[in-house]
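Right, one structure below, let's go through it.
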Amino acid sequence: MAYTTSLLTTAAECDELLDDARDEKRSLDRRIYNRQYTAEDSADAATERTAALAVAEAEVTTLTNVVASLPDGDYKKKQQRALRTATYRRDSLADATTGGPVATLSRQLDLAQAQAELAEVTAFIAAVEERKAAL
């Protein structure tokens, strides 16, 4: 965007705008860094959750078959408790992975918006600095 920097008539006006724009730039730099870190961390966590979910599914399947084949007694009760625990773990992992793609894409959009805004703020700073130098 072309800025009408010719409206600026003093170096003080330029300095005021530059201070605000530089603060905004620092804020955007932090936001971008945080989003990039979160994106990397999310990808690692999603891979780990997917692997853990596969293990939990296998455990539930195995325990289901074991419990079905056992006669009534203390050992069967112990295996039923283990099956409930494994089922709860599997369901918790499944719940954690369902929001993954939506959350990932939302973070990607936020990162792209912050990067575009950073480019615009950088262009604004350059335009104001150019005007200040011309005064």
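The numbers here are math on the coordinates, done by the rules we state, and not lab data. Note that the structure is predicted; figures quoted are calculated from it, not measured. FYI the Cβ positions are ideal-geometry reconstructions off the backbone, even for glycines, and counts take in every protein chain you see.
Numbers at a glance
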quantity: Relative contact order, percent, the chain [alpha-carbon distance under 8 Å, six or more residues apart]; calculated: 53
quantity: Environment charge at E129 (Cβ cut-off 11 Å; Lys +1, Arg +1, Asp -1, Glu -1); calculated: +1
quantity: Simple spin-label estimate for K78 and A52 in nanometres, 7 Å along Cα-Cβ; calculated: 2.6
quantity: A126 versus R107: modelled label distance in nm, points set 7 Å from Cα along the beta carbon direction; calculated: 3.1
quantity: FRET efficiency, D91 to E24 (Cβ-Cβ, R0 35 Å, nearest 0.05); calculated: 0.20
quantity: Of Y75, Y37, Y88, the one that fluctuates the most in a GNM where the chain has Cα springs shorter than 10 Å; calculated: Y75
quantity: Which label in (i) 55; (ii) 25; (iii) 13 gives the computed percent of Cα pairs over 26 Å apart; calculated: (i)
quantity: Dipole moment magnitude, nearest 20 debye, the chain about Cα centre, only Lys, Arg, Asp, Glu C-beta charged; calculated: 1000
quantity: Over the chain: helical MRE at 222 nm, DSSP H runs n ≥ 4 each giving -39500 (n - 2.57), nearest 500; calculated: -32500 deg cm²/dmol
quantity: Residue exposure sequence - S6, S42 - by fewest surrounding Cβ within 10 Å; calculated: S6, S42
quantity: Estimated FRET transfer efficiency when R0 is 41 angstrom, pair A68-S42 (beta carbons, to 0.05); calculated: 0.60
